[in-house]
1. Would you be able to say whether some residue in region B:32-48 is of a type in the set (A, V, I, L, M, F, W, C), open to solvent by less than 10 Å² (accessible area, probe 1.4 Å), touching a Leu at 6+ places or on another chain (Cβ under 7 Å) and away from ligand 2 (no atom under 16 Å from the Cβ)?
2. I'm checking my understanding of the structure. Among residues of region A:42-67 that are near ligand 1 (Cβ under 9 Å from one of its atoms) and surrounded by fewer than 18 Cβ atoms within 10 Å (Cβ to Cβ), which one is nearest to the other protein chains (Cβ to nearest Cβ)?
3. Could you pull out the residue among A:A333, A:A352, A:A390, A:A378 that is in a helix (DSSP H, G or I), without any contact (Cβ under 8 Å) to a residue 40 or more places away in the chain and within 24 Å of the chain's Cα centre (by Cα)?
4. Could we say that B:I55 is out of contact with any Lys or Arg (no Cβ under 8 Å at 6 or more places or on another chain), of a type in the set (A, V, I, L, M) and closer than 29 Å to A:F89 by Cβ here?
5. Restricting the search to region B:126-153, which residues are free of Cβ contacts under 8 Å to residues at least 40 places away in the same chain and assigned to a loop (DSSP other than H, G, I, E, B)?
6. If A:G399 meets every condition in (1) open to solvent by less than 10 Å² (accessible area, probe 1.4 Å); (2) out of contact with any strand residue (DSSP E or B) (no Cβ under 9 Å at 6 or more places or on another chain); (3) away from ligand 1 (no atom under 16 Å from the Cβ) apart from one, which number is that one?
7. I'd like the full set of residues that are part of a loop (DSSP other than H, G, I, E, B), open to solvent by 60 Å² or more (accessible area, probe 1.4 Å) and farther than 23 Å from A:P194 by Cα, limited to region A:115-143.
8. Of all residues in region A:346-362 being open to solvent by 90 Å² or more (accessible area, probe 1.4 Å) and not aromatic (F, W, Y), which is nearest to A:I386 (Cα to Cα)?
Amino acid sequence: MELYLTKNFGKPNAIAMAGYLKHGGYRALRKVLKKMEPKDVVEEVKDSGLRGRGGAGFPTGLKWSFMPQETDGPKYIACNADESEPGTFKDREFLEKEPQMMIEGLIISAYAMGVNTCYIYIRGEYATQTKILQQALAEAYEKKFLGRNILGSGFDCDIYVHRGAGAYICGEETGLMESIEGKKGQPRKKPPFPANFGLWGRPTTVNNVETFAQVPHIINKGASWFRGIGTEKSTGNTIFGVSGHVNKPGAYELPLGYGLKDLIYKDAGGIRNGRELKAVIPGGSSVKVLPADRIDVPLDHDSLTNAGSSLGTGAVIVMDDTTCMVRVGVVLAHFYRHESCGQCTNCREGSAWLHQLMVGIENGQGKIEDLDLLMDVADSLEGSSICALADAAAWPVQGLVTHFRDEFEEHIKTGKCTSPDSFRI
Amino acid sequence: MLSENAKKEIEREMAKYPEKRAVILAALHLVQKEEGWISQDAMEEVASLLDLTPIEVREVTSFYTMFNMRPVGNHHLQVCTNLSCALMNGRGVVEYIQRKLGIEVGETTGDERFTLSTVECLGSCGTAPMMQIGDDYHENLSEPKIDSILETLK
Ligand SMILES: Cc1cc2nc3c(=O)[nH]c(=O)nc-3n(C[C@H](O)[C@H](O)[C@H](O)COP(=O)(O)O)c2cc1C
Ligand code: SF4
Ligand code: FES
C-alpha cells in the first residue's frame with residue numbers, strides 16, 4: 001500500500017518550503033500552469049472520483065464544475081479548516097506537518113475555477129497551526145507561487161487566513177461564509193447555492209483541507225492512478241483518526257474501503273487493557289454508532305451507509321465494554337444543543353429536548369416512554385431545517401437508542417448506570 | 001483602548017476583504033489578546049473602527065465561545081469534555097483541577113491567576129484527555145502532568 005499524503009510527515013523540513021520542494025512539491029502547480037487549461041484540471045479531478053473529505057463526500061470535480069466560468073466580478077474559494085466535528089483531528093495533520101501540500105492544491109483549484117482570491121477559514125483554537133500556516137503562505141509568496149503573475153503564467157492568486165472564534169456551526173459551508181463576512185455564523189437557506197451566491201453574493205466554492213491536499217497528487221500521477229486506490233465509488237487514501245479506548249490512538253493514512261476491524265485491531269493496536277469492544281462511531285460524532293457485532297465493514301461511503309451509519313469525517317471513536325451508552329448520549333446531545341445556532345425553532349428546541357431527556361435517564365428520572373419520545377423528537381429533527389446540524393443532532397440519538405435499547409431500558413428500570421466502571425461525565 | 005500596533009494590524013487586515021466588517025473577528029481577537037476579555041468599551045471602539053453599531057459588535061462577540069464577555073484569570077484552563085476526551089477520563093481532569101485550585105468550573109482563583117472552563121472538542125481526540133491554556137494545547141494529560149504544567153505557569 002502506497003502512502004502519499006503522510007509520506008513525508010515528520011521528516012526534517014517537511015513543514016518548510018525547502019523540504020516540500022525537495023520532496024517534489026509544486027511540480028503539479030508548474031504542470032498545470034504550463035500544460036493544462038483550467039477545464040482540463042476540473043476534468044482530471046472529476047475523472048479521479050475524488051470526493052470531499054469534509055464529511056458529506058460530495059464529488060469534488062462536479063462541485064467545481066458548478067462554478068460559472070465567465071463572470072464580471074470576483075469569485076472565491078474558501079478552504080474549510082474549521083475541523084470541529086468531535087473525534088476529528090486529521091486536518092491538523094496537514095496544517096502542522098506539511099502545510100504546502102494543501103496550499104499547492106488550493107492554488108491549483110483556484111486556477112481551475114478562475115478564482116483569484118481564497119480564504120482559509122481556520123478554527124480560532126488552532127493558534128499554533130495558524131502561525132505555521134501564515135509562515136507557509138509567506139514562503140509561497142516569496143517563491144512566487146502566490147501573488148501576481150504566478151511563475152510568469154499571467155495567473156494571479158492571493159490566499160488569506162481567516163480565524164474563527166469557537167463555533168462548530170461555522171464549519172457548515174454557509175455558516176462559514178457568514179463568519180468570513182463578519183457576522184454570526186448562522187447558515188443560509190439554500191438555494192441559492194454557493195456556486196452562484198456565496199461570499200459577498202459572489203460565486204464561491206468551499207472544500208475541506210484534505211480535499212485540497214489530494215489535488216497535487218492527482219495532477220502529478222493522474223486520475224487513473226487515483227481511481228486505482230480505494231473502492232470504485234470511494235477513491236484515494238484518507239487519514240482516519242482513531243480515538244477512544246484503543247492501545248494506539250492516532251492518525252492513520254489508509255485507502256478508503258479499508259476494513260474497520262483491521263483499523264481498530266491491527267493499526268490502532270486493539271482495545272486497551274485487554275478489554276472487549278462494545279461500540280464504534282465510525283465517522284465523527286454526527287454519525288450513527290455501530291455495535292461491536294457490526295464492525296466487519298469496509299470504511300467507504302457506500303458500505304457504511306449500507307451498514308446504517310456513515311463515513312463522515314473518517315473519525316473513528318472506539319468504546320470498550322465499560323462504556324455507558326446513556327452517558328455517550330448525554331455528552332453528544334449536550335454538544336448539539338450547545339452548537340445549534342438557534343435560528344430554526346425545531347433545531348433549537350429539539351436539540352435541547354433530546355439533551356434534557358438523556359440527562360433525565362442518566363439521573364435516574366427517566367421513564368420507559370422517554371425512549372419512544374427520544375426517537376420521535378430525533379425523527380422530527382431530520383431533514384426539517386436550514387442546515388444539517390439538526391440531522392447531526394438526531395442521528396447519534398437514533399443510533400444509540402436503536403442499538404442499545406436494552407441498556408437504556410435497564411438504566412431506566414434500575415435508575416442507575418449498568419456499567420460500574422464507565423467513564424464519568 | 002486598543003494599542004497603536006493593534007490598530008495598524010486591523011488596517012492591514014482590512015486589505016484582505018472587500019468589506020470592513022469582515023475584520024471583526026480579527027479585531028476582537030486582538031482586543032482579547034491585549035485586554036484578556038471583551039469589554040463594552042472595547043466593543044464600542046471596534047464598532048467605531050468598522051463603522052458598525054455597538055450592538056452589531058456585541059451580537060457577533062457573544063455568538064463565538066472564544067470571546068470572554070467577562071474578565072478571566074491570567075491563565076484560562078479550558079478542558080475538553082467532549083466524547084473522545086470524556087472516554088479517557090476528561091472528567092477526572094476537571095475534578096483534579098477543581099480540587100487543586102479550589103474552584104468550580106466557570107470560576108477564577110482568588111489571586112486571579114487561573115480560570116477553569118470546560119469546552120467542546122478541540123481537535124485533539126487522539127491525544128485525549130486534553131486542555132488548552134492560552135494558545136497552547138496540553139495533551140495526554142495525567143495528574144503529574146497537570147501538576148507540572150500548572151507549576152510552570154506560576
Ligand atoms: C454542522 C456542520 C459542521 C461542519 N463542519 C465542517 C468542518 O469543520 N470542516 C469541514 O471541512 N466541513 C464541515 N462541514 C461540511 C461543510 O458544510 C462542507 O460540506 C465541506 O466543507 C465541503 O468540503 P468537501 O466537499 O471538500 O468535503 C460541516 C457541516 C455541517 C452541517
Ligand atoms: S438547523 Fe440548527 S444549526 Fe442549522 S441553521 Fe437551523 S438552528 Fe442553526
Ligand atoms: S473530544 Fe476532546 S479534543 Fe476532541
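1. Within region B:32-48 (the criterion being of a type in the set (A, V, I, L, M, F, W, C), open to solvent by less than 10 Å² (accessible area, probe 1.4 Å), touching a Leu at 6+ places or on another chain (Cβ under 7 Å) and away from ligand 2 (no atom under 16 Å from the Cβ)), the answer is yes, since at least one residue qualifies.
2. The extreme case among them is A:A56.
3. Of the residues listed, the single one that is in a helix (DSSP H, G or I), without any contact (Cβ under 8 Å) to a residue 40 or more places away in the chain and within 24 Å of the chain's Cα centre (by Cα) is A:A378.
4. Answer is no for this residue.
5. B:D135, B:E139, B:N140, B:S142
6. Result: A:G399 fails condition (2) only.
7. Passing the criteria: only A:K143.
8. A:R348
The values are calculated or read from the model by the stated rules, or taken from the named source; none is laboratory data. Just so we're clear, the structure is a prediction, and the values are computed from it rather than from any experiment. Positions of Cβ are backbone-derived with ideal geometry, glycine not excepted, and every protein chain shown enters the neighbour counts. Side chains included, ligands, DNA and RNA excluded: accessible areas come from the protein's heavy atoms. Shrake-Rupley method; radii C 1.70, N 1.55, O 1.52, S 1.80 Å.
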